[in-house]
Every structure is written in C-alpha cells, then in structure tokens.
C-alpha cells in the first residue's frame, strides 16, 4: 500500500504545521523521482491548506474561519453540534496537491502545509500519496 | 478516452451525494490498482466537496454558502443574475482528489463526495479520472 | 525538470485569466497524452481557481473575497499587514486540477483558469505539472 499515514493530536481548534511530516512521507514515497504529492485528511471537520506557518497567522486563520460561517439554525446541530466545523472545513478543502522535484517537496518561500482542526481535541489521520511523472 | 462522465439532474440549489457513482467510475478506471482519483465539475456555479452526507448538514452547507457571500452590487449580475453562485462555487472548489487503494476509493468513515448546486435546476456533468501509482 | 513555470505581473488586487498560458504549458508537457494537469501558485496571498473569465465577475470575485473575511484584530497584521489576503487565499485554494485529453486541457464551456491576486503588485510565479494516465 503506497500511502503514508501519520497522526496528529489536536486541541479544541488550531492550525498545526505538518510540513516536516509531509516532507518525510514524500521522500519515502518519491525516492528521488519528480511528480505531484497529495495530502488528505480522512475527517470532515478538519481542513488542509498551504499557507504561511507564522503562529499569529495560524491563529488568525482559525478565528476567521470560525467567524465567517454565518450564524444560523443549522439542522445538523440537532444531531451533532458541529455544523459550523463541517462548513468551514469544506470551504478550505480537505486535500492539497504539491509539486515534487527529484524526490523533494517544491514549496514557495512562505508556503507550509497546515492541518486545521475545527472540532477537536482528537487524534487525526493524514494520508500522503505520490504520483510520479513519466520520463 | 479514460475519463468517466456521469450526469446529475439538480434542483434550484442543493447538495447531491455522488459517492456511489464516483465509486463505480473509480472501479472501472482503476481495475484493482492504487493511486489517486479526481472528480471534476465542468460548470462554474456548482462545486464538489468531501463531507458528511447527512441530509440536514447537506442543506446547512447550501444555506450557509449562499448566506456567506457578501451582499454587494455585483457587476456580473447585469449580464447574468448568478454572481453569488459563481463566487461560492470558487470558494468551495470545482474538483477533489481522493485516495484509491486496490481499485477502491479510500474515504474516511464520515466522508462522502458531494456535488453542490447553486444555480439549477440543470443537468450537470461530472468527470472522474484515475491516475495509478507506479509499482 | 518537468514543471513549466510562468510569471504574471499583478496589480494591487485582481483576477488574471491565465488559461492561455496554462494551455500552452499543458501542450508542452502532455505531448498528446491524456491525464491530469495541476496548476500551483508558489505564494500565500494569491489563489488559483476555475471560473468564468467575464471581466465583471472577475472583479466581483476579488471584491467579495476581500469583503467576506471578517474584520478582526489579526495577530499577523502586527508583523505584516496582509492577514486578510492570506485568509482569503486559503479559502479559495492555491492549486487546481484539470482534466487533459489527447494533450489538450478539457474545460467546460464557461471554465477558465484564474489567478487571484490579493496582495500585489508583485511578480507572481505559477507552476504547471502534468501526470499522464497509464494506457
């Protein structure tokens, strides 16, 4: 099975910089080749994004995300009180695609891979796949 | 041509669970291999997301999506009265990437593939591609 | 190195239609094959989306994007006054996946690839990768 999976223990909400873990998974999978890596969460109240891993901004992203979901009488909250977490997770997205050159993630200067938790604390699973380019 | 395409008849707005159709397309394309599947809409007022296919939440996502687009004098509405539908579609995104193991979609417990309609009713086309991992 | 990269000179904010450039990169990379193309920005205050390249709508998307980010005391603004640009960029996303058939981008009638600038003017880099389907 060519998927690397790692776990992240989260707090109630928060952004976690997983770039180092993703980089290690990509090295194991790519073995020096070029192509595209994919990072997935397997959850519906977390998101994955590429942005700057500055601690203030990471906090800003979580607060803004929670704040921008409209205050409404959500039907899902009669079942499970986390509709807002589902909604912001779908707005941000649950996977990212990342270029890989010669086995290494190729990110811009300020780019990091962030896991955003909106409904923790939980143990979250993140999967990484790599697809190689043809020669 | 290795793209599977299916159609979905939509209402004015709404979220449609297309996981079963996507799963079938992936089986046809992957033929037991592992890799990554991609699901695309070919439209600019629909979105594709991965989230929970709970009927209350699916309704919540549509209502929240429509509500969070700011009320403004949109220039596009002088041409075609659907700027808000375009904007929320770009916020959510028009494709998703999904892991595939041994020919089967590998989704989390609560994950489904949802097509979100913001400007129906219409007949919408969804495309599915599969890229296999190298051995 | 099988990544095509082009640059775009942006204004303060704005949406730029890069479909022609992406199409040319895909032709160079795909050489008649089918598969999936990926378009990446290497920045954290720009986004890439697929939507209609109508000039009014392109302006609407930028204005709506800026307006929907909540007005808050962002911690990142004590360092670098662009938290809002980071946040809207993560909401829209920094890459897209596009189907390719016989070496050509396969987009819907109204679909174009748009680079959205939220913190210019700058010279921005956009990367394009192509992964071919197995036969």
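Data for the structure
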| read-out | value |
| --- | --- |
| Residue ranges of strands (runs of 3 or more DSSP E) in segment A:3-98 with at least 1 members more than 14 Å from chain C (Cβ to nearest Cβ) and more than 20 Å from residue B:64 (Cα to Cα) | A:4-9, A:14-17, A:35-41 |
| Residue list for segment A:103-118, restricted to those being away from every other protein chain (no Cβ under 11 Å) and more than 14 Å from the chain's Cα centre (by Cα) | A:103, A:104, A:105 |
| Given (1) free of Cβ contacts under 8 Å to residues at least 40 places away in the same chain; (2) away from chain B (no Cβ under 14 Å); (3) assigned to a loop (DSSP other than H, G, I, E, B), number of the condition residue C:121 does not satisfy | (1) |
| Options B:9, B:77, B:81, B:51; residue that is farther than 23 Å from residue C:100 by Cα, touching a helix residue (DSSP H, G or I) at 6+ places or on another chain (Cβ under 6 Å) and surrounded by fewer than 16 Cβ atoms within 10 Å (Cβ to Cβ) | B:77 |
| Among (1) more than 7 Å from every other protein chain (Cβ to nearest Cβ); (2) crowded, with 17+ Cβ neighbours inside 10 Å; (3) farther than 24 Å from residue A:96 by Cα - the single one residue C:128 does not satisfy | (3) |
| Within segment B:13-35, considering residues that are in contact (Cβ under 8 Å) with a residue 40 or more places away in the chain and over 16 Å from the mean Cα position of the chain (by Cα), the one surrounded by the most Cβ atoms within 10 Å (Cβ to Cβ) | B:35 |
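Each row is one residue, and each column tells you yes or no for (1) within 28 Å of residue A:26 (Cβ to Cβ); (2) at pLDDT below 95; (3) touching a strand residue (DSSP E or B) at 6+ places or on another chain (Cβ under 6 Å).
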residue	(1), (2), (3)
B:36	yes, no, yes
B:40	yes, no, yes
B:59	no, no, no
B:85	no, no, no
B:114	no, no, yes
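The values are calculated or read from the model by the stated rules, or taken from the named source; none is laboratory data. Quantities reported herein were computed from a predicted structural model and do not represent experimental measurements. Reconstructed Cβ throughout: ideal geometry from the backbone, glycine too, with neighbour counts over all protein chains shown.
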